[in-house]
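As structure tokens, the structure follows; a few thoughts come after it.
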Amino acid sequence: MTGFGIGTKESAKAKYTVEIKSLNSKYLELGLKIPKAFSDKELLLRNECARHIERGKVNITITVEYTDTTAKAATIDTHLLKNYYTQLKEVAESLGDPASAVFELALNMPEVITYQEDLADEEEWKDVLETFHLALKQFQQFRTDEGVVLKEDLSKRNQSILDLLLVVETQETSRIPMIRERIQHYLEEAVGTEAIDKNRFEQELIYYIDKLDITEEKVRLRSHCEYFAKILNATDANGKKLGFISQEMGREINTLGSKANDAKIQQTVVRMKEELEKIKEQLLNIL
């Protein structure tokens with residue numbers, strides 16, 4: 001499922017911001033972008049994410065803006081700077097080139113300026129962790145709201161398949177008499193009424209109608225739809241299970257359509273397939 005959350009906190013030392021974004025994924029794929037000062041806390045943060053976020057392609061960005069800009073100030077190696085400056089000035093004078101830019105060149109030479117890379121203290125880490133939980137709360141609420149919408153849509157389409165199954169049962173009442181009448185008509189045209197063996201005709205008709213019987217498919221499809229609704233209303237994360245149930249629903253709908261041998265029923269089956277395809281598309285967001 002998609003998700004987004006952002007949390008901020010300001011302390012006397014700095015302003016902390018944590019941003020969490022996610023796309024759908026079957027597993028937890030975690031991408032972290034954190035300041036170097038907190039690099040030793042990366043494993044702790046990953047464990048925290050694993051405890052609260054079950055799956056998704058999740059990207060987390062942590063930024064720190066220090067109130068005291070000198071807190072992470074750079075250090076200038078004056079001795080190295082003087083050596084560079086002297087040598088560059090001598091070269092410039094020997095070539096007859098103005099030495100106006102020598103100081104800037106010397107300042108940008110390797111290792112003249114170094115930056116302090118101290119690790120953050122525990123107080124800073126507590127602030128970052130608190131900010132992370134603020135973002136996580138917003139992130140989880142975003143996913144919950146999206147889940148409610150998905151649940152309503154899935155429930156509606158599942159119920160639509162059950163309603164269409166009732167339509168099939170209504171359409172089916174005239175199916176067997178029509179099949180019987182059609183077969184008898186063909187036989188009468190082919191061999192004549194008097195040449196038909198009534199007992200043999202009834203035996204063959206029963207065998208043929210048994211092959212077209214869709215009672216089992218209807219029972220199983222209704223059972224799958226009811227189970228789908230039950231799992232959908234459960235509190236656990238059951239995206240994969242719902243996917244498996246939808247596959248079973250598809251098998252029963254396909255068999256029902258192939259055995260129906262009736263244009264109206266097959267049209268209803270097509271509508272069932274349309275609803276099932278929309279269910280499968282939505283399930284891709286929660287697998």
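The values are calculated or read from the model by the stated rules, or taken from the named source; none is laboratory data. Because the structure is a prediction, the values reported are computed rather than measured. Methodologically, a virtual Cβ is constructed for each residue, glycine included, from the backbone with ideal geometry; neighbour enumeration extends over all protein chains shown. For accessibility, only protein heavy atoms count, side chains too; no ligands or nucleic acids. Shrake-Rupley method; radii C 1.70, N 1.55, O 1.52, S 1.80 Å.
Ranking of H52, H79, H224 by solvent-accessible surface, largest first: H79, H52, H224 (1.4 Å probe, protein heavy atoms only, all chains present). Legend: Rg and Dmax of the chain, from Cα coordinates, 36.4, 128 Å.
On the basis of the beta-carbon distance and an R0 of 45 Å, E10 and E169 show a calculated FRET efficiency of 0.10. Pairs from the table (K41/K126; K151/K218; K57/K156) lying more than 18 angstrom apart at Cα are K151/K218; K57/K156.
Can you tell me the orientation of helix 175-191 relative to the chain, as the angle in degrees between its alpha-carbon axis and the longest Cα principal axis, to the nearest 10? The angle comes out near 50 degrees. With N counted as the residues of the stretch 209-273, its alpha-carbon radius of gyration over 2.2 N^0.38 Å works out to 1.25.
Ranking T61, C49, I6 by how far each Cα lies toward the positive end of the dipole of the stretch 1-85 (charges on Cβ) leaves C49 at the top.
Using the alpha carbons alone, the radius of gyration of the stretch 3-114 stands to its Kirkwood radius in an Rg to Rh ratio of 1.27. The alpha carbon radius of gyration of the stretch 117-170, expressed as a multiple of 2.2 N^0.38 Å, is 2.31.
Using only DSSP helix segments of four residues or longer, with each worth -39500 (n - 2.57), what per-residue ellipticity at 222 nm results for the chain after dividing by its residue count and rounding to 500? Show your work: numbers first, answer last.
On the way: 9 runs with 178 residues, N = 287.
Mean residue ellipticity, 222 nm, calculated: -21500 deg cm²/dmol.
Evaluate E = 1/(1 + (r/R0)^6) for E65 and A229, where r is the Cβ-Cβ distance and R0 equals 51 Å; express this FRET efficiency to the nearest 0.05.
Details: r = 50 Å, r/R0 = 0.97.
According to the calculation, E is roughly 0.55.
Taking all Cα pairs closer than 8 Å and separated by 6 or more residues, the relative contact order of the chain comes to 21 percent. Shown is the FRET efficiency for A101 and K26, computed with R0 = 51 Å from the Cβ-Cβ distance and rounded to the nearest 0.05: 0.30.
Hey, what's the chain come to in accessible area per residue, 1.4 Å probe, Å²?
Numbers: 17910 Å² over 287 residues.
Result: 62 Å² per residue.
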